[in-house]
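The values are calculated or read from the model by the stated rules, or taken from the named source; none is laboratory data. Predicted model, so just to flag it, every value in this text is computed and none were measured. Positions of Cβ are backbone-derived with ideal geometry, glycine not excepted, and every protein chain shown enters the neighbour counts.
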Amino acid sequence: MTRRKFVVGNWKMNGLSGAVGEAQAIFAAADDHAGVDVAICPPFTLIGAMVAAAPGRAIGGQDCHSAESGAFTGSVAAPMLADIGAELVIVGHSERREGFGESDADVRAKAGAGLAAGLSVILCVGEPREVRESGGAIDFVLAQIAGSVPDDFDPQRLAIAYEPIWAIGTGLVPTVADVAAMHGAIRGALAGRFGDAADRMRILYGGSVNGENAAELLGTGDVDGALVGGASLTAAKFVPIIAAGAASG
Ligand code: PGA
């Protein structure tokens, strides 16, 4: 089964209105690289402007609330993202699991809300450094998968992003063998739960992906794409990663 490569930019809390032009440049350059799906998840404040400036492109949120609406000051609901033209949403990023105390159950509810609103979902998992060093990374991540992946969904609309916490924004990257082992274990767990549908789910790698290491990472078994933070903020840094995705597809 061939899965199209998926390269996603997570802009985190970066970008004022002037950055919309950078997103346009990224999407325009992506057209030179057939065979790879490209998405950008800017801060909530830029989604509407980006959708207007780059119609038809895959633009998404970095989080959503699990409720459809209500008294949740400061939160954004999945139907609101869909309403302004977002196509996808990231849930369970480690910066939210750690910084905002989100549990697996919270992440599962958010994923369900995103899917119910018609969005595609990128659900993040990943182990902290001490768990990697103690040899428990695979067990840790499979427990996150068991607890945070919902039961019923179109496999093409839910991707997993494996992002070791110690690799995010640090310049550190696991060995290709470790990435392959983790992605294989995730695929196996998904197959155990969802059968053949697991073949249609994309598993992305994230954590210090850049133009230099992207080709190797994206060419690794069971790596179907990349979730990219710092190197997704400019076309100059992001387009080489998109090109690597296309070349490995
Ligand atoms: P990074 O972030 O590419 O800056 O390491 C990845 C992420 O947190 O999604």
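The set of residues in region 191-213 that are touching a helix residue (DSSP H, G or I) at 6+ places or on another chain (Cβ under 6 Å) and either surrounded by fewer than 24 Cβ atoms within 10 Å (Cβ to Cβ) or on the phi > 0 side of the Ramachandran plot (or both) comprises Ala191, Ala197, Ala198, Arg200, Met201, Ile203, Gly207, Ser208, Asn210, Gly211. Filtering region 1-55 to residues that are β-branched (Val, Ile, Thr) and within 13 Å of Ala246 (Cβ to Cβ) leaves Val7, Val36, Val38. Scan region 2-24 residue by residue and report those that are within 12 Å of the ligand (Cβ to nearest atom) and among the charged types (D, E, K, R). Correct list: Lys12 only. Of the residues making up region 47-66, those that are over 10 Å from Leu88 (Cα atoms) and touching a Phe, Trp or Tyr at 6+ places or on another chain (Cβ under 8 Å) are Ala54, Arg57, His65.
To keep it simple, each residue is scored yes or no on (1) crowded, with 21+ Cβ neighbours inside 10 Å; (2) assigned by TED's automatic domain parsing to the domain that holds Gly207; (3) within 17 Å of Val228 (Cα to Cα).
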{"residue": "Phe6", "(1), (2), (3)": "yes, no, yes"}
{"residue": "Gly21", "(1), (2), (3)": "no, no, no"}
{"residue": "Ala25", "(1), (2), (3)": "no, no, yes"}
{"residue": "Gly48", "(1), (2), (3)": "no, no, no"}
{"residue": "Gly56", "(1), (2), (3)": "no, no, no"}
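Among the residues of region 88-99, just one is in contact (Cβ under 8 Å) with a residue 60 or more places away in the chain and assigned to a loop (DSSP other than H, G, I, E, B), namely His93. Does region 187-203 contain at least one residue that is assigned to a loop (DSSP other than H, G, I, E, B) and within 14 Å of the ligand (Cβ to nearest atom)? Checked against the condition, which is being assigned to a loop (DSSP other than H, G, I, E, B) and within 14 Å of the ligand (Cβ to nearest atom), region 187-203 yields no hits at all.
Of all the residues in region 170-186, those that are of a type in the set (Ser, Thr, Tyr) and away from the ligand (no atom under 16 Å from the Cβ) number 1. Comparison of Ala231, Ala226 shows that the only residue that is outside any strand (DSSP E or B), at pLDDT 95 or above, closer than 25 Å to Pro128 by Cβ and among the small types (Gly, Ala, Ser) is Ala231. Within region 130-188, the set of residues being touching a Phe, Trp or Tyr at 6+ places or on another chain (Cβ under 8 Å) and surrounded by 15 or more Cβ atoms within 10 Å (Cβ to Cβ) comprises Val131, Arg132, Val141, Pro155, Ala159, Ala161, Tyr162, Glu163, Val179, Met182, His183, Ile186. If I filter region 100-148 down to residues being within 20 Å of Leu81 (Cβ to Cβ) and in a loop (DSSP other than H, G, I, E, B), which single residue comes out as modelled with the lowest pLDDT? The qualifying residue modelled with the lowest pLDDT is Phe100. Each residue in region 146-164 was checked for being within 9 Å of the ligand (Cβ to nearest atom) and among the aliphatic types (A, V, I, L, M), and 1 pass.
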